[in-house]
1. Any residue in the stretch 19-42 that is surrounded by fewer than 16 Cβ atoms within 10 Å (Cβ to Cβ), in a strand (DSSP E or B) and of a type in the set (Asp, Glu)?
2. Mind checking whether some residue in the stretch 199-217 is within 19 Å of the chain's Cα centre (by Cα), over 30 Å from residue 133 (Cβ atoms) and not hydroxyl-bearing (Ser, Thr, Tyr)?
3. In the stretch 224-237, which residues are surrounded by fewer than 24 Cβ atoms within 10 Å (Cβ to Cβ) and not small (Gly, Ala, Ser)?
4. For the condition over 30 Å from residue 21 (Cβ atoms), touching a Gly at 6+ places or on another chain (Cβ under 8 Å), among the charged types (D, E, K, R) and not in a strand (DSSP E or B), what is the one hit in 245, 219?
5. Select from the stretch 191-214 the residues that are outside any loop (DSSP other than H, G, I, E, B), modelled with pLDDT of 95 or more and not hydrophobic (A, V, I, L, M, F, W, C) and list them in ascending order.
6. Quick one: what pairs do we get from the stretch 328-344, first residue without any contact (Cβ under 8 Å) to a residue 24 or more places away in the chain, second surrounded by fewer than 24 Cβ atoms within 10 Å (Cβ to Cβ), C-beta under 6 Å, 6+ apart or different chains?
7. In the stretch 290-328, which residues are charged (D, E, K, R) and not in a strand (DSSP E or B)?
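The values are calculated or read from the model by the stated rules, or taken from the named source; none is laboratory data. Predicted model only: the values in this text are computed from it and were never measured. Don't worry about glycine lacking a Cβ; one is built from the backbone with ideal geometry, like all the others, and counts go over all protein chains shown.
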Amino acid sequence: MPTVVHGVHLTRTAENVSEIEALGELLGGRVGLAGLLDNLKYRAQPSSTPRLMGRAVERAWRWNDYDCRDHRWWPQGISSSADAGESEKYDGHRLLVTTWYAKDLGTGSFGSRVTFVDLDTLRYRHVLLVAPSLDTDGTLTLRPLRIHAGGIVWRGPYLHVAATSRGFYTCHVDDVMRVEGDDEWPDRLGVEAGRVASYGHRFVLPVRFAYQARAEAGRPRLRYSFMSLDRTTSPPSLLVGEYGRAQETTRLARFEMDDVTSLLVHGEDERVQPSWLDDRGVRQMQGAVSVKGRYYVTVSRGARWPGTVFVGKPGALSKRPLAVPMGPEDIAYWPSTDRLWSLTEHPGRRWFFAMRRSWFD
């Protein structure tokens, strides 16, 4: 068994059962991910020149014109149905799931959302993440989930979404709900006169619970800037890391995952402690994934220069410049194809793309 690292840990909150039930009653029940896949609205387009985006890029796709140019919503995290389960498919579909966070353009932040992409049809749809709550009188309130959402892991039925210093939030894919007629209120979120406004999103996904970041006195709290799944460990593990500049820490940590529940393994005191923690990451890490003990770390050089991937083990990571497009973010692994997946964030230069892991050998 790995040695437990003391000093930093996570605590899991109670589930928002009543809150989600109340939202479901208002919206006519859950449609789940299956219902969303029947209503994919937008289409991504393949790039004809993927290698020009980066030396490691094998295939690349761009979002539709609006999503490519949008200055409010910025892509960040990436995971897939290959992380979700051994079949690497959901109901027969090969899927990517990405996160986006919203910048405040003068009307307040719209929070964060996830996007499901069917890799066979290239159809996709956005789903707004919401935090439901019930007042003392039973009144339902909806708030946006205002987090950077720099990483995501889809495991079993759960989506774990990074929330930096707060830890991360967890949603259940069966909780996806459809909002009727929300195009009338594109700049509002909430419940008014028995109707739901959701910033123009036709689908919403409520938060089930949170894993809250904690630290003992004298220890810096771990920041959950990004995350990925490592299925090559036994049991599978959640790899998390910190984006750090100047004197900020750049730690990487692992948490064991229960193969049955798809949740983190906790101790008798209900604390979730990392099984491994290392402070030898690299500056300005945007994402990291590990395969059979080898790490692949993305680093951005801004909106004008291709990004870098660092490869190896913490403390001995080698630099592979010009490997990926400008503004690379989170990174994930697809085992059966031995491909790494990532995405970029800057308006006008937004792609999601696949890389052969063997290219880095």
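1. For the stretch 19-42, residues surrounded by fewer than 16 Cβ atoms within 10 Å (Cβ to Cβ), in a strand (DSSP E or B) and of a type in the set (Asp, Glu): absent.
2. From the stretch 199-217, those within 19 Å of the chain's Cα centre (by Cα) are 201, 203-213; that's our starting set.
Cutting the leftovers down to over 30 Å from residue 133 (Cβ atoms) gives us none.
No, the stretch 199-217 has no match at all.
3. The answer is 230, 231, 232, 233, 235, 236.
4. 219
5. Listed by number, the residues that qualify are 198, 206, 211, 212, 214.
6. Pairs that qualify, where the first residue is without any contact (Cβ under 8 Å) to a residue 24 or more places away in the chain and the partner is surrounded by fewer than 24 Cβ atoms within 10 Å (Cβ to Cβ), are 338/357.
7. Of all residues in the stretch 290-328, those charged (D, E, K, R) come to 292, 294, 301, 304, 313, 319-320.
The answer is 292, 301, 304.
Per-residue answers, yes or no, for (1) surrounded by fewer than 16 Cβ atoms within 10 Å (Cβ to Cβ); (2) of a type in the set (D, E, K, R):
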{"residue": "299", "(1), (2)": "no, no"}
{"residue": "303", "(1), (2)": "yes, no"}
{"residue": "315", "(1), (2)": "yes, no"}
{"residue": "319", "(1), (2)": "yes, yes"}
{"residue": "325", "(1), (2)": "no, no"}
{"residue": "332", "(1), (2)": "no, no"}
{"residue": "341", "(1), (2)": "no, no"}
